[in-house]
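Report on one structure; see the data block that follows.
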Amino acid sequence: MKKISEAPFVKEMCAVTANMYRLGWDERNGGNISLLLDENEVAEYLDPDNVIRTIPTGFNAKELIGKSFIVTGTGKYFKNVETDPENNLGIIRIAKDGTTAELLWGYSDGGKFTSELPAHLMSHISRLSVDPQNRVIIHSHPTNTLAMNYVHELDERKFTHTLWEMCTECIVVFPDGIGILPWMLCGTNSIGEATAQKMKEFRLVVWGMHGIYGAGKNLDEAFGLIETVEKAAQIFMLTAHLPRVNTIKDEELKELAEFFGVKYRKDFLDL
Ligand code: 13P
Ligand code: ZN
């Protein structure tokens, strides 16, 4: 059996959480990540028959029975994942009943998975139904994206359009736009269900006055989506109070999308 601390998926989780912490997006225990694992890869590091303990999830994820995820722990700080992954991360497998998580590794101080597990697993189910390659859901509190929530209308079309105008690459990186939920109580099945509904259509979902969710086939892709939104939101926040002299026009956004061959939300442009 190989050493779990050497597993690429543990190392990647350490790297991405440290990076997000340094960017200032994940203060204290803010943010959470789940990565769908390949069971054959997990078996190189862990005995699949050795369940440390079982933890009820509070909802039925029957579509994910038998699937394993590495997930950040609730109340754990991204700042600390790199130095103590076994305490701050856990590997869980969805049991046959669909409502229990079997802990295979981690949460070593008796802790458990993020309080946002409903939003993560329900979003995995949605994304896998439209893209079988999807493996990652990331939730974060990026500073400028959050600031923008207070000064910009929380309308999916208008919010996406504003961000597309902020950097030339935006419409190419997230042509499918950004879904938006109003402020809702976090950590609940309800916000999980609402997020998952949006995730059928969008890979990015803003939680009003809270943060953002990003989905992707790997950590780089989900992180890169959030990073691009955050950069555009930063440009917006740096310029929102100044007179706008120039902008990227809708015909130019269309030209970009067509040149790069991306399927974009045509209804989000005024053409
Ligand atoms: P957890 O510590 O339970 O992951 O919660 C952090 C968070 O960002 C809640 O939305
Ligand atoms: Zn949060």
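Things to note:
- Computed from Cα positions, the angle between helix 156-166 and the longest principal axis of the chain comes to roughly 70 degrees.
- The chain - percent of accessible surface contributed by carbon and sulfur, probe 1.4 Å: 51 percent
- Relative to the longest principal axis of the Cα atoms of the chain, helix 219-239 runs at roughly 40 degrees.
- With the Kirkwood sum run over all distinct C-alpha pairs, segment 59-206 has a hydrodynamic radius of 16.7 Å.
- Whole-Hz Karplus values for segment 252-265 come out as 6, 4, 4, 4, 4, 4, 6, 4, 8, x, 9, 8, 10, 7 Hz, taken residue by residue from phi with 6.51 cos²θ - 1.76 cosθ + 1.60 and θ = phi - 60°; glycine and proline positions read x.
- Reachable lysines, given that their alpha-carbon falls under 25 Å from the alpha-carbon of Lys67 and they are not under 8 places away in the same chain: Lys2, Lys3, Lys11, Lys76, Lys96, Lys112, Lys198, Lys200, Lys217
- For segment 120-190, the Cα gyration tensor yields ellipsoid semi-axes of 23, 18, 11 Å (square root of five times each eigenvalue, largest first, whole Å).
- Were the residues from Ala240 through Val262 laid out at 0.36 nm apart, the gain over their Cα-Cα distance would be 5.1 nm.
- Across all Cα atoms of the chain, the radius of gyration (one decimal) and Dmax (whole number) stand at 19.0, 63 Å.
- Calculated from the alpha-carbon coordinates, segment 1-125 shows an Rg and a Dmax of 13.6, 39 Å respectively.
- Pairwise FRET efficiency - Ser190 versus Glu63, Cβ, R0 = 22 Å, nearest 0.05: 0.70
- Taking the Cα centre of segment 141-271 as reference, the dipole from Cβ charges on Lys and Arg (+1) and Asp and Glu (-1) amounts to some 200 debye.
- The antiparallel fraction among DSSP beta bridges confined to the chain stands at about 90%.
- Counting 0.36 nm for each residue step from Glu252 to Asp84 and taking away their Cα separation leaves a gain of 55.7 nm.
- Theoretical gain in end-to-end length, Lys158 to Ser115 [0.36 nm per residue, Cα-Cα removed]: 12.4 nm
The values are calculated or read from the model by the stated rules, or taken from the named source; none is laboratory data. Keep in mind the model is a prediction, meaning the values are calculated, not measured. Note: ideal-geometry Cβ built from the backbone for every residue, glycine included; neighbour counts use all protein chains shown. All accessible areas refer to the heavy atoms of the entire protein, side chains included, with ligands and DNA or RNA removed. Shrake-Rupley method; radii C 1.70, N 1.55, O 1.52, S 1.80 Å.
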